[in-house]
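This report concerns only the one structure given below.
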Amino acid sequence: MSEWQDINTAPKNKAVIVTDGSLVGEACNIEYVDGPSGWYWADGRDPMSERVTHWMPLPSPPSHT
C-alpha cells in the first residue's frame, strides 16, 4: 500500500482513497463542464467534504491462483 499523499497531487477523474482527517473512503475528483466539480464518493453518495487533505491509490485486486 502506498503512503498518504497531499491532495494537490491527486489525479482527476480516477477513483482513489481519500481522507479529510476523520472520514476515509473511495472517491473521485470529477471535473464537470456544466456542474459542480469536486470530490464525490465512488458509490454515488453526495459530494464529499471540501476539506479532503490526502489521498492514496487504490490497492491492486487480489490474484486468483
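For Asp20, enumerate residues with amide H under 5 Å from its amide H, sequence gap 5+ or separate chain, H modeled in the peptide plane.
Thr53
Take the alpha carbon gyration tensor of the chain, find the square roots of its eigenvalues, order them as a ≥ b ≥ c, and report rounded if a/c is under 1.5; if not, report prolate when a/b exceeds b/c, else oblate.
Here the chain falls in the prolate category.
Taken together, the values in this text are just the output of simple stated rules run on the coordinates, not laboratory data. Please read all numbers here as calculations on a predicted model, not as lab measurements.
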